[in-house]
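Beneath this line is the structure, given in structure tokens, with notes to follow.
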Amino acid sequence: MNKKFKTGLKFTKNFFVTGAFVETNRKVELEICKHIPKQENATIVEFGMGHGNITQEILNTISPTSELYAFEVNREFCEHVQQTIKDERLNIINDGAENLTTHVSGKIDAVISSIPFSFFSKQKGKQIIQTAHDALKNEAYFSQVLLTKFNFKKFQQIFSECQLLKIPTFPVYYIYHCQKKSS
Ligand SMILES: C[S@@+](CC[C@H](N)C(=O)[O-])C[C@H]1O[C@@H](n2cnc3c(N)ncnc32)[C@H](O)[C@@H]1O
């Protein structure tokens, strides 16, 4: 059985937590990492690591002295990535994005997220976006991938600059690139 197919089975089995039947594709992996800074000692956060496809692309992008904190609520997925990605810069956190500040102190240089906002209450969604916004450095990006554009408004209410991009693959993905701009 190939790797993508196995991941698809695990995602489908956990559909009400993953919000997906398949892993995101290569176009998404590249586009969502576009605004990650390549400088030394950057702190990057990922929400919704899954089986680690975007995680690997983040690690390919960041500098050797940077750190990645990857949040994932599914314990099995955390164990899978622990076994398949051996990288000292990766810190796997088996907890929800809503608990960001419990695990990461200090300012963040980018947030890369694929968590299913459509399955969260309005309040939980807004709390996650606001907490991440407050933890980001000025000018830093929160990049989110989703299967719909319905959650874009929630990001616009918190971030001053937001761009919506369509990835015309099957399935179609939407990437929200949101930049923090403090006045
Ligand atoms: C759509 S999958 C994306 C997985 C992978 N990053 C990809 O691009 O294919 C969403 C992932 O978010 C995880 N997840 C759901 N709610 C979460 C939360 N509150 N905090 C962190 N991860 C969460 C799910 O278990 C699942 O692995």
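Throughout, read-outs are computed from the coordinates displayed, never taken from laboratory work. Bear in mind that the values here come from a model prediction, so they are computed numbers and not experimental data. Glycine also receives a Cβ, built like all others from the backbone with ideal geometry; neighbour counts cover every protein chain displayed.
Can you work out which of the residues in region 19-37 that are in contact with a helix residue (DSSP H, G or I) (Cβ under 7 Å, 6 or more places away or on another chain) and under 17 Å from ILE108 (Cβ atoms) is nearest to the ligand (Cβ to nearest atom)?
This residue is ILE32.
Can you tell which of LYS153, LYS137 is away from the ligand (no atom under 16 Å from the Cβ), more than 21 Å from THR102 (Cα to Cα) and not aromatic (Phe, Trp, Tyr)?
Criteria check complete, one pass: LYS153.
Out of all the residues in region 53-61, is one or more part of a loop (DSSP other than H, G, I, E, B) and either within 12 Å of the ligand (Cβ to nearest atom) or surrounded by fewer than 16 Cβ atoms within 10 Å (Cβ to Cβ) (or both)?
First, the residues of region 53-61 that are part of a loop (DSSP other than H, G, I, E, B): none.
Scanning region 53-61, I find no residue that is part of a loop (DSSP other than H, G, I, E, B) and either within 12 Å of the ligand (Cβ to nearest atom) or surrounded by fewer than 16 Cβ atoms within 10 Å (Cβ to Cβ) (or both), so the answer is no.
Considering (1) without any contact (Cβ under 8 Å) to a residue 12 or more places away in the chain; (2) more than 22 Å from ASN99 (Cβ to Cβ); (3) not acidic (Asp, Glu), say which one GLN82 fails and leave the rest.
Every condition holds for GLN82 apart from (2).
Of all residues in region 116-173, count the ones that are of a type in the set (Ser, Thr, Tyr), crowded, with 17+ Cβ neighbours inside 10 Å and under 21 Å from ASN14 (Cα atoms).
Going through region 116-173 one residue at a time, the tally reaches 1.
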